[in-house]
């Protein structure tokens, strides 16, 4: 493959760069290079589509226009601004890294890839993307688009999410990098993968490199990349209780290390079956108080990365006022000020008619 890579590189790279200069996307974080903007956009784009990211990115940059403003903010502000993008650990890592950059690097994101790798949230992809796009370092940045493009160019039969497949793709991406043009090339492959070399029904007729695409020649482009088969996601039922008292509602803070860590929710818990006793039991385990009455408020379904949940919400009356360190009473009108997951936000909007 080494000789073939060299030949293909000399033919494919110029054509992808030419295509990018004519058809590259206009995005709010492109233009005059701002390492902070590049960093924020690359973190947001992980596992999230560009169209979804753009309004969140703009809102984020209005709220936190600099690394200093981000570092000075509270985690609750950060999570509330990020709310809706999911994978909330990304936001917490951005916040933690911003504080380190202020304290260790005087507020300037370091251009040394080894120093970037020491910051929270900087895995191999983020180091490569920020180093190449913001600082011009000759490093690959393999995202889902690059995996798809290279797996089709070489008609790779290995699973790209296996250790061997991942290693192969990264080595190809590094071999293709044109010296001094890594920023442009990495972005070219990303844009090419998002608009031409699509996950389904790639537009091969418009592809400028199809003459060297082995999957196209073999008719296997719709079967590449090969990925591991994932098992069926488990499905759980959960009950959530809305407890009101003198114009306020009780909310509970989720543990920092778990799913949606650090965000607020209406108290409740998982149940094996739906009955009055199991609902009351789950609420008692969550709050330590007895539920005296229940009134259905709605049913909500949501899919996380590896699990699906059906949430059954109830208005609840209790025999005493819950008092735990992880709970607090908040006015209904102020629910919009605290960060919540999608389902809890839907419940909050129903309560406030927003």
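The values are calculated or read from the model by the stated rules, or taken from the named source; none is laboratory data. All values reported here derive from a predicted model rather than from experimental measurement. Counting neighbours? That spans all protein chains shown, and the Cβs are built from the backbone with ideal geometry, glycine included.
Here is a list of conditions, (1) under 25 Å from residue 174 (Cα atoms); (2) in contact (Cβ under 8 Å) with a residue 60 or more places away in the chain, and residue 76 meets all of them except one; can you say which number that is? So the condition that residue 76 fails would be (1).
Filter the range 224-247 down to the residues that are over 30 Å from residue 280 (Cβ atoms) and out of contact with any helix residue (DSSP H, G or I) (no Cβ under 8 Å at 6 or more places or on another chain), then identify the one that is surrounded by the most Cβ atoms within 10 Å (Cβ to Cβ).
Residue satisfying both the conditions and the ranking: 227.
Regarding the range 38-59, can at least one residue be identified that is within 19 Å of residue 182 (Cβ to Cβ) and free of Cβ contacts under 8 Å to residues at least 40 places away in the same chain? Yes, the conditions are met somewhere in the range 38-59.
On the basis of being touching a strand residue (DSSP E or B) at 6+ places or on another chain (Cβ under 9 Å) and crowded, with 20+ Cβ neighbours inside 10 Å, does residue 128 make the cut? Walk me through how you get there before you give the answer.
Working: touching a strand residue (DSSP E or B) at 6+ places or on another chain (Cβ under 9 Å): no; crowded, with 20+ Cβ neighbours inside 10 Å: yes.
In short, no.
For residue 198, the conditions (1) more than 25 Å from the chain's Cα centre (by Cα); (2) surrounded by 13 or more Cβ atoms within 10 Å (Cβ to Cβ) all hold with the exception of (1).
With the requirement that a residue be closer than 25 Å to residue 157 by Cβ and part of a helix (DSSP H, G or I), what does the range 206-229 give you? Within the range 206-229, 210, 211, 212, 214, 215, 216, 217, 218, 221, 222, 223 qualify.
In the range 326-353, of all residues being touching a strand residue (DSSP E or B) at 6+ places or on another chain (Cβ under 9 Å) and in a loop (DSSP other than H, G, I, E, B), the one that is surrounded by the most Cβ atoms within 10 Å (Cβ to Cβ) corresponds to 339.
When the test is whether a residue is modelled with pLDDT under 95 and over 29 Å from residue 305 (Cα atoms), residue 48 does not pass it.
Examine the range 22-29 for a residue that is touching a residue at least 60 places away in the same chain (Cβ under 8 Å) and either surrounded by 15 or more Cβ atoms within 10 Å (Cβ to Cβ) or assigned to a loop (DSSP other than H, G, I, E, B) (or both), and state whether such a residue exists. Yes: one or more hits.
Tally time: how many residues in the range 128-158 are part of a helix (DSSP H, G or I) and either farther than 14 Å from residue 182 by Cα or over 16 Å from the mean Cα position of the chain (by Cα) (or both)? Working first, answer last.
Filtering the range 128-158 down to residues part of a helix (DSSP H, G or I) leaves 128-135, 144-153.
Subset that is either farther than 14 Å from residue 182 by Cα or over 16 Å from the mean Cα position of the chain (by Cα) (or both): 128, 130-135, 144-153.
Of the residues in that region, 17 qualify.
To keep it simple, each residue is scored yes or no on (1) in contact with a helix residue (DSSP H, G or I) (Cβ under 9 Å, 6 or more places away or on another chain); (2) loosely packed, with under 12 Cβ neighbours inside 10 Å; (3) at positive phi; (4) assigned to a strand (DSSP E or B).
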residue	(1), (2), (3), (4)
249	yes, no, no, yes
252	yes, no, no, yes
259	no, no, no, no
280	no, no, no, no
297	yes, no, no, yes
306	no, yes, no, no
313	yes, no, no, yes
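Which one of these is farther than 24 Å from residue 78 by Cβ and outside the structural domain of residue 78 (by TED's automatic domain parsing): 333, 255, 275?
275
Count of the range 282-295 residues, restricted to those that are part of a strand (DSSP E or B) and surrounded by 15 or more Cβ atoms within 10 Å (Cβ to Cβ), is 2.
Kindly indicate which of 76, 46 is under 30 Å from residue 212 (Cβ atoms) and surrounded by 14 or more Cβ atoms within 10 Å (Cβ to Cβ). Show your work before the answer.
Working: 76 fails: under 30 Å from residue 212 (Cβ atoms).
One residue alone meets the criteria, 46.
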